[in-house]
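Scroll down for the structure; my scribbles are underneath it.
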Amino acid sequence: MITTFTSESVCSGHPDKICDQISDAIVDAALYKDKYSRVAVETMVTKNFVALAGELTTKGKLNYKLIAQRVIKNLGYTSPALQFSYRSPMVIKIHTQSPEIAEGVNQDGAGDQGMMFGYACDETDDYMPFPILLAHRLAQRIDEVREKKIISYLRPDGKTQATISYENGKPLRVDEIVLAVPHKESVELLEVKNDLYKKVVVPVLMHFGFSIAEKDVIVNGTGIWHIGGPASDTGVTGRKIVVDGYGGMARVGGGAFSGKDPTKVDRSGAYAARYLAKNIVAHGLAKKAEVRLAYFIGAKKPVMQEVETFGTAKKSDKFIKDFMHKILDTSVKGILEGLNLRKPIYFKTASYGHFGRDHFPWEQIAKV
């Protein structure tokens, strides 16, 4: 039986991702100064305007405005023509963490309530679903050809989408690629499409051992896109939680990741769940795994820890659960220490997904 599945990703200059990166740059700056910092910072960007708001408690001193400006500038928002730049006016409303929440966190409890899901499968070398992994790699490549001026007329922002046919649960072919990228007005759409096909689509698909005809690649579906970024679409932290996760292939918890220090289990619990799921698959215990965790504010341990293997398990349910307990203590303290999360490592998670890249600690294969 042949079925299809579609996932999307966005480039680093997408308005929502600008916000995620600013928020996570603040998280990293705080953790760099004080590894016990508590951070919950949201960013909003729109036409010629930036707003930062939230709670932050740290022993260090942070220049929020400078942090945000550096992120925006590095993303390529430097031209007045884009109607948004690192010089855009900024409002900052950040205060200290609620003492009521701090009371629970100070006793090694969770900084929030909620449920988290972690997923892994054996259809790619990164133990990620192929549609979201492909969408991420296309977004990365678009950013790369823009930043390196391989395609010099591209502007910041962009989106990707990949539709994959599956046969018996395995990727069979790439049916369609959708790319949306703003560019200079002087360049015709046909040239944009040809360049993106040759310099983005072909090399990325070749890496995965697939190909696609140029007619099956859609570029800028409306036929025109010159001004991208916050001038055309307001951005907010935490609005791309499906892009950040598994592209819709797995269930999604209620909370976003970016802008939060690791005592917030929305973030650390999701990382722990991915670590467990990936190791179940990597160690050959199942072909697919989805791990479920849940906490309440102040909870030291999860109130739920379950695993679903979708009929692909090669060991008993008890064996797999014992394996999970063996490789990671999912108490809040156990996750923070076991995955070494009190470090400034979060800025890089804010683009191209939080999972499927080996340099993050929750992506490591446990030695057992």
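Readers should treat all values here as calculations from the given coordinates under stated rules, not as data from a laboratory. Only a predicted model underlies this, so the values are computations on that prediction, with no experimental measurement involved. When we count neighbours, we look across all protein chains shown, and the Cβ atoms used for this are built from the backbone with ideal geometry, even at glycine.
As a ratio to 2.2 N^0.38 Å, the alpha-carbon radius of gyration computed for the range 23-158 takes the value 1.33.
Under 1.5 on a/c is rounded, so check that first for the range 163-223, then, if it is not, pick prolate when a/b is larger than b/c and oblate when it is not; a ≥ b ≥ c are the square roots of the alpha carbon gyration tensor eigenvalues. Cα axes put the range 163-223 in the prolate bin.
Just need log10 I(q)/I(0) for the range 228-324 at q = 0.10, 0.16, 0.18 Å⁻¹, Debye formula, equal scatterers on the alpha-carbon atoms, no solvent, rounded to two decimals. With no solvent term, the Cα-only Debye profile gives -0.34, -0.74, -0.88.
If you put +1 on each Lys and Arg Cβ and -1 on each Asp and Glu Cβ, how big is the dipole of the range 203-355 around its Cα centre, in Debye rounded to 20? Can you show the working numbers first?
Details: 23 positive and 13 negative charges, 116 e Å.
My answer is approximately 560 debye.
The alpha carbon radius of gyration of the range 298-368, expressed as a multiple of 2.2 N^0.38 Å, is 1.29. Distant-in-sequence amide contacts of A299, defined by a placed amide H-H separation under 5 Å and a gap of 5 or more residues or a different chain, comprise A110. Restricting the calculation to Cα atoms, the range 112-250 shows an Rg/Rh of 0.99 when the hydrodynamic-style radius is the Kirkwood one.
Over the chain, DSSP H runs of length four or greater, each weighted -39,500 (n - 2.57), average out per residue to a 222 nm ellipticity of -9000 deg cm²/dmol.
The aspartates and glutamates whose alpha-carbon is closer than 13 Å to the alpha-carbon of K159, local same-chain residues fewer than 8 away aside, are E8, D16, D143, D233. In this structure, the residue pairs whose Cα-Cα separation is over 21 Å, taken from K199/K348; K260/K321; K59/K260, are K199/K348; K260/K321. The P(r) of the chain has a tail past 34 Å containing 29 percent of all C-alpha pairs.
Computed 3J(HN,Hα) for the range 5-14, one whole-Hz value per residue from the Karplus formula 6.51 cos²θ - 1.76 cosθ + 1.60 where θ = phi - 60°, is 9, 10, 9, 10, 9, 9, 6, 5, x, 4, glycine and proline marked x.
Taking label positions 7 Å along the Cα-Cβ direction at both H226 and E214, the computed distance is 2.5 nm, reported to one decimal. Annotation: amide H of E176 within the under-5 Å range of T163, sequence separation 5 or more or interchain, hydrogens built in the peptide plane. Using only alpha-carbon positions in the range 81-180, the gyration tensor eigenvalues give semi-axes of 36, 29, 10 Å once each is multiplied by 5 and square-rooted (largest first). Computed over the alpha carbons of the range 270-338, Rg followed by Dmax gives 11.8, 36 Å.
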